[in-house]
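Below: one structure, written as structure tokens.
The values are calculated or read from the model by the stated rules, or taken from the named source; none is laboratory data. All values derive from a computational prediction rather than experimental measurement. In this analysis, Cβ positions are derived from the backbone assuming ideal geometry, glycine residues included, and neighbour counts consider all displayed protein chains. Ligands, DNA and RNA are excluded from the accessible area calculation, which covers all protein heavy atoms including side chains. Shrake-Rupley method; radii C 1.70, N 1.55, O 1.52, S 1.80 Å.
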Amino acid sequence: MRQPFRMEICKILLGRGPLSQRDLAEALRPAYGREKQLLALDDHLQSLRAVGIVNVESEWVEELDGKETLAQSWEVSVSGRERLSKML
């Protein structure tokens, strides 16, 4: 049985350190590749950020399809680690 999507996000970030949204999506794809929630990964990250579980480790601008876009690297926050240690 799979963990809830947001718990899996946290588990991957805990195990692999800061990841870009693209790298995180690739890590989630084997288990969630056909689900719509993978397409809403940014919404899930923003929700986890709003409650202090994850934060942005770094930001940069990258070019994608001829357009500049903001990219971010995500990590589990210190308080997020404390909260997750009680659940995992």
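Among the lysines, which fall within straight-line cross-link reach of Lys11, defined as a Cα-Cα distance under 24 Å, with same-chain neighbours fewer than 8 residues apart omitted?
Filter leaves Lys36, Lys86.
So what J values fall out for the range 77-83 if you push phi through Karplus, 6.51 cos²θ - 1.76 cosθ + 1.60 with θ = phi - 60°, rounded to Hz, Gly and Pro as x?
Working through the residues one at a time gives 6, 4, 5, x, 4, 5, 5 Hz.
Under a 10 Å cutoff between Cα atoms, tell me which one of Ser73, Ser20, Ser47 has the largest fluctuation in the Gaussian network model of the chain.
Ser47
Short version: ³J(HN,Hα) in whole Hz for each residue of the range 35-52, in order, from phi by Karplus 6.51 cos²θ - 1.76 cosθ + 1.60 (θ = phi - 60°), x for Gly and Pro, what are they?
9, 5, 5, 5, 5, 9, 4, 4, 4, 5, 5, 5, 5, 5, 5, 4, 9, x
What translational diffusion coefficient, to the nearest whole µm²/s, does the chain have by Stokes-Einstein, given a Kirkwood radius computed over alpha-carbon pairs, a temperature of 10 °C and 1.306 mPa s viscosity?
118
Compare Asp43, Asp65, Asp23 in a GNM of the chain, Cα atoms joined below 10 Å, and give the one with the largest fluctuation.
Residue with maximal mean-square fluctuation among Asp43, Asp65, Asp23: Asp65.
Can you pull the percent of the chain's accessible area that's carbon plus sulfur, 1.4 Å probe, other chains left in place? Don't skip to the answer; put the middle values down first.
Values: 2870 of 5840 Å².
Whole-percent figure for carbon plus sulfur exposure: 49.
Counting only C-alpha contacts under 8 Å and six or more residues apart, can you give the relative contact order of the chain as a whole percent?
The value is 32 percent.
Can you give the FRET efficiency for Arg34 and Val78, using 1/(1 + (r/R0)^6), R0 = 30 Å, r = Cβ-Cβ distance, to the nearest 0.05?
Working from the Cβ atoms, E equals 0.30.
Non-local amide H neighbours of Ser77 (under 5 Å, H modeled in plane, Pro and chain starts lacking H): which ones?
Val54, Asn55
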